[in-house]
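Scroll down for the structure; my scribbles are underneath it.
Here, each number is a calculation from the coordinates, and none is a lab measurement. From a predicted model like this one, the values you see are computed outputs, not experimental measurements. With ideal geometry, Cβ positions are generated from the backbone for all residues, glycine too; neighbour counts draw on all protein chains shown.
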Amino acid sequence: MNDDVYTLANAGVRSLNPYQAGKPIAELQRELGLQSVVKLASNENPLGPSEAVDEACRQALQDSHRYPDSNGFALKNALADKLQLQPQQITLGCGSNEILDLIARVFLAPGGSAVYSQHAFIVYALAVQASGAEARVVAARDWGHDLTAMAAAVDDSTRLVFLANPNNPTGSWFEHAALAAFMQQIPQQTLVVLDEAYIEYAEDWMNMPDSLALLAQYPNLIITRTFSKAYGLAGLRVGYSLSNVAIADLLNRLRPPFNVNSLALAAAEAALQDQAYIARSREINRQGLQQLTAGLQQLGLSWIPSAGNFISVEMPGPAAEYYQALLRKGVIVRPVEVYQMPEHLRVSIGLTAENEAFLQAMAEIMGPTS
Ligand SMILES: *Cc1c(COP(=O)(O)O)cnc(C)c1O
């Protein structure tokens, strides 16, 4: 029975491999008996949560015997205000991961297809595979999305295109003009999912897409964003999508009731108001990126230019060995073999001391250079 039960599962599920998360700090402490561990593995905000979140959660806890507001009225209104959209265009999820999954479940089925890029965030592959739709993986260009080739991969069967901007784990991004040209080529019956999980880290010189302007122009665009990264709430699980009202209505039909808990709702609302925290996070990230890239250069290592709060670094040898060696020194980074990047390790940008710990460990592992 135990083995036979696999044959009973849906074909898409049978062939899935579970998502591999970054190694938790406590796990490495248990395994190696280490006290001090630095985790730069999951692109979390190294600042810790905003103080406003602390207070909001304390208050929300008082009502934790009640179900949360399943419609997320207050948070949706706060977001709608900030983004100048209608609340009916917003769908809340248990992380944007849940939203990505909902989108796939609403629009994909066997016979349909979905397009995404090589090296793109792996949740797209998982969601497409589970749905039984055909995955069209388009070769990357300079580690980034080849939007021209992606548009060419779309045909009548294509229900979804997933774009990550910036992409995780490469950090690559595309500019407004490129996305505008792309949208023009995509037929109405193909929805474009623009995953902006790291958009708060964007710098002006990057010419990131004005995605909200494109949303007003293209009813087949869905933007997803999250409170997990710059907003510092990865553990509470809140993300959202922005779309036209009809798409939001469809997502809402499949969305599990109470998918965002009351602490998460309160925390996200508070975090949204604390723009000083976002400014601080951006500044820490900017400094950390400089510190890391300067250190990597000294070590003679190269990296992929990144618009996120992480960088993928090319190792001098098999990345898996460097990953293990770093673990033994109490530094957790992220191997990205499953992204077809066996030579890279993804390193989240941490606080100064954390970045230093990574650079120091790398220097020790690489040994004296002549
Ligand atoms: C982290 C991440 C997400 C989703 O994170 P949630 O915590 O589920 O909101 C989505 N897309 C990309 C590219 C990410 O790196």
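A few remarks follow.
- One residue stands out in segment 225-249 among those that are aliphatic (A, V, I, L, M) and within 16 Å of the ligand (Cβ to nearest atom): the one that is farthest from N167 (Cα to Cα), namely L236.
- Within the set E283, E314, E321, the sole residue that is surrounded by fewer than 18 Cβ atoms within 10 Å (Cβ to Cβ), over 25 Å from R237 (Cβ atoms) and touching a Phe, Trp or Tyr at 6+ places or on another chain (Cβ under 8 Å) turns out to be E314.
- Tabulated pairs, segment 155-173, first in contact (Cβ under 8 Å) with a residue 24 or more places away in the chain and farther than 16 Å from M183 by Cβ, second hydroxyl-bearing (S, T, Y) and part of a loop (DSSP other than H, G, I, E, B), C-beta under 6 angstrom, 6+ apart or interchain: P166/Y198; G171/S306
- Wholly enclosed helices (runs of 4 or more DSSP H) of segment 1-72 bearing at least 2 residues in contact (Cβ under 8 Å) with a residue 60 or more places away in the chain and of a type outside the set (S, T, N, Q): 11-14, 25-32, 51-61
- Matching residues, segment 109-126, being within 12 Å of the ligand (Cβ to nearest atom) and part of a loop (DSSP other than H, G, I, E, B): H119, A120, F121
- Criterion: farther than 27 Å from Y19 by Cα, free of Cβ contacts under 8 Å to residues at least 24 places away in the same chain and not charged (D, E, K, R) - qualifying residue of P368, P335: P368
- The set of residues in segment 326-348 being small (G, A, S) and either surrounded by 22 or more Cβ atoms within 10 Å (Cβ to Cβ) or under 16 Å from the mean Cα position of the chain (by Cα) (or both) consists of S348 alone.
- If the condition is being over 15 Å from K39 (Cβ atoms) and in a helix (DSSP H, G or I), then segment 329-370 contributes E337, V338, Y339, T352, L359, Q360, M362, A363, E364, I365, M366.
- I223 vs. criteria crowded, with 20+ Cβ neighbours inside 10 Å, over 23 Å from P68 (Cβ atoms) and touching an Asp or Glu at 6+ places or on another chain (Cβ under 7 Å): yes
- For F310, the conditions (1) aromatic (F, W, Y); (2) touching a residue at least 12 places away in the same chain (Cβ under 8 Å); (3) farther than 26 Å from F227 by Cβ are fulfilled apart from (3).
- Single unsatisfied condition, Q84 versus (1) closer than 30 Å to T148 by Cα; (2) touching a residue at least 60 places away in the same chain (Cβ under 8 Å): (1)
- Segment 87-98, residues that are more than 8 Å from the ligand (Cβ to nearest atom) and either touching a residue at least 24 places away in the same chain (Cβ under 8 Å) or touching a Cys at 6+ places or on another chain (Cβ under 9 Å) (or both): Q88, Q89, I90, T91, L92
- Unique residue being surrounded by fewer than 17 Cβ atoms within 10 Å (Cβ to Cβ) and among the aromatic types (F, W, Y) when the list is W205, W173: W205
- Filtered residues of segment 21-49 (kept if within 16 Å of the ligand (Cβ to nearest atom) and exposed (fewer than 12 other Cβ atoms within 10 Å of the Cβ)): A21
- If only residues of segment 86-108 that are in a loop (DSSP other than H, G, I, E, B) and surrounded by 19 or more Cβ atoms within 10 Å (Cβ to Cβ) are counted, the one that is farthest from the chain's Cα centre (by Cα) is L108.
- Scanning segment 50-86 for residues that are within 16 Å of the ligand (Cβ to nearest atom) and among the small types (G, A, S) yields a single hit, G72.
- Across segment 252-264, the number of residues qualifying as closer than 14 Å to E98 by Cβ and surrounded by fewer than 23 Cβ atoms within 10 Å (Cβ to Cβ) comes to 8.
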